[in-house]
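Okay, structure first, notes after.
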Amino acid sequence: MAQAEARSLKELSGLERAAILLLVLGEEHGGALWESLDDDELRKVSLAMSTLGTVPASLVEQVLADLAGQTNRLTVVGDYERTQELLSKLLPKDRVGPIMEEIRGPAGRTIWQRLSNVQDHLLANYLKTEHPQTVALILSRIKAEHSAKVLAMLPEDFATDVMLRILQLDTVSKDTLDQVEDSLRTNFIANLSQTTRRDAHDLLAEIFNSFDRTNESKFMEALERSAFKSAEKIRALMFTFEDITKLDPNSAQALVRAIDKTDLAKALKGASESTKNFFTSKMTTRAATIFNDEMAGLGPIRLKEVDEAQQKIIATAKAMADRGEIIIAKTGNEEDVVLE
C-alpha cells in the first residue's frame, strides 16, 4: 500500500482527497455527505479510505486548503477498521456489509484457520462458558482434529449436548456468524455469507476418527444414549484402523509401501492375528520376517503410542485416497460408499 506521507497533493486522486475530507469531518459532520453518495460512489470512496494509511497534518492541510481555503492542523488515519466503524455509524447494516466485504476480499476467510491454530486448552476454556449452540457452530467450522481435542477437554454432558446440536445445525446465516465473531472477539468475517453446510454425521465421524480410543468410546456411548440412530450412522461413516483390512489388494500394497514400518509395528501391537497377517501378506517373505522381528523387539508400549501410530496410518490412507492413489470403501447397509 502506498504511504500517503510520501506523496504530494498533486499525486492524490480525487477519491483519496474526498476520503481524507470525510475522515476529517467524521460521523457528526460528514453524515449528510455520506447519505448523498450512491452505492457505487460509496464503494469507491470506502476503498480509497481503507488504503490511505497515515496522512500527515501537512498533507491534510493541503487537501483542506485546496477545498475550503483554511484548516487546523490535523492528522487522520485511514484503514480498514476506521472505515468500517465510520460506515457502521452512518449507514444501514445491509449497505455496510457488501461494501466492507468487497474491500476485505478473500483474506477474511482465514478466520477459521486462525481459530484452528489456537491452543486446545485455551479454546476449550473459552468455549465451556459459551452457549452449546455457539460452540456447535464454532466446532463445525474448524478442523475436525482440533474439534476432537477441544471436545475431549469439555465436560462430558456439555460436549454431548454440543454434538447433538451439531447434528441439528441448519444453514448458518451471515447475521449468526457476525454474532459468533463478536463472542470470539475476532476480526471482521462478513465475507462468510450463507453456505451449504456439510453433512453433520460426516462431520462428527471425522471428529470421532480423531479421538483417542478412550474418548471415542466415552462419547460414542454418551451419544448412543441420546441419539442412537445418529450414533449408528456416525459409526458407519467412521474410517478406523481395522477398516484398512477391507482395502482391495492393490490399494493395500500401495499403502503398506507408503507407511513407516515402525509406525505400523506400533499400530499392530495388540491387534488380532488376522489384522497382522493382512499387512504382512502384502510384504515379501523376507520383509515380513524382518518386520515381525522388529515388532517383537518393541516390547510393551503404551496404548497412547498405539493410538498415535494408528492415527498416522489412517491419515496416510486418507491422503492417498484424496490423491486417487488408493480407494477406501466401507460397506454400508446396501452398497459400498467411497469415502473422500
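The values are calculated or read from the model by the stated rules, or taken from the named source; none is laboratory data. Just so it is clear, the model here is predicted, and its values are computed rather than measured. Heads up, the Cβs are rebuilt from the backbone with ideal geometry, glycines too, and the neighbour counts pull from every protein chain shown. Only protein heavy atoms, including side chains, enter the accessible area calculation; ligands, DNA and RNA are left aside. Shrake-Rupley method; radii C 1.70, N 1.55, O 1.52, S 1.80 Å.
Observations on the model:
- Residue within the stretch 209-220 that is in contact (Cβ under 8 Å) with a residue 24 or more places away in the chain, open to solvent by less than 70 Å² (accessible area, probe 1.4 Å), within 19 Å of Ala321 (Cα to Cα) and touching a helix residue (DSSP H, G or I) at 6+ places or on another chain (Cβ under 8 Å) present: yes
- Which numbered condition Val256 fails, given (1) in contact (Cβ under 8 Å) with a residue 40 or more places away in the chain; (2) open to solvent by less than 60 Å² (accessible area, probe 1.4 Å); (3) touching a Lys or Arg at 6+ places or on another chain (Cβ under 9 Å); (4) over 19 Å from Phe208 (Cβ atoms): (1)
- Residues satisfying the criterion are present in the stretch 196-212 (criterion: over 23 Å from Ile314 (Cα atoms) and either within 15 Å of the chain's Cα centre (by Cα) or at pLDDT below 80 (or both)).
- Selection from the stretch 138-156 of residues that are open to solvent by 20 Å² or more (accessible area, probe 1.4 Å) and touching a residue at least 40 places away in the same chain (Cβ under 8 Å): Ser140, Glu145, Lys149, Ala152, Glu156
- Taking the stretch 157-176 as the range and being at pLDDT 90 or above and either open to solvent by 70 Å² or more (accessible area, probe 1.4 Å) or within 15 Å of the chain's Cα centre (by Cα) (or both) as the test, only Asp157 passes.
- Test: residue in the stretch 41-50 that is buried (at least 19 other Cβ atoms within 10 Å of the Cβ), among the hydroxyl-bearing types (Ser, Thr, Tyr) and under 17 Å from Ser88 (Cα atoms): yes
- Those residues of the stretch 276-290 which are open to solvent by less than 40 Å² (accessible area, probe 1.4 Å) and closer than 30 Å to Thr214 by Cα, in sequence order: Phe278, Phe279, Thr280
A quick yes/no check of all residues on (1) of a type outside the set (D, E, K, R); (2) under 25 Å from Ala152 (Cβ atoms); (3) open to solvent by 80 Å² or more (accessible area, probe 1.4 Å):
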site	(1), (2), (3)
Ile234	yes, yes, no
Leu264	yes, no, no
Lys269	no, yes, no
Asn292	yes, no, no
Glu305	no, yes, no
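- For the stretch 260-296, the tally of residues that are at pLDDT 85 or above and of a type in the set (Gly, Ala, Ser) stands at 6.
- Here Met100 fulfils each of the conditions (1) modelled with pLDDT of 75 or more; (2) more than 18 Å from the chain's Cα centre (by Cα); (3) in a helix (DSSP H, G or I) apart from (1).
- Verdict on Arg302 being over 12 Å from Asp263 (Cβ atoms) and at pLDDT 85 or above: yes
- One residue stands out among those in the stretch 312-340 that are at pLDDT 85 or above and of a type outside the set (A, V, I, L, M, F, W, C): the one that is nearest to Gly270 (Cα to Cα), which is Lys312.
- Contact map, the stretch 29-43: residues that are in contact (Cβ under 8 Å) with a residue 12 or more places away in the chain paired with residues that are part of a helix (DSSP H, G or I) and open to solvent by 80 Å² or more (accessible area, probe 1.4 Å), Cβ distance under 9 Å, separation 6+ or inter-chain. Pairs shown: Gly31/Lys89; Arg43/Glu102.
- The residues in the stretch 18-62 that are closer than 17 Å to Leu86 by Cβ and in a helix (DSSP H, G or I) can be counted, and the count is 31.
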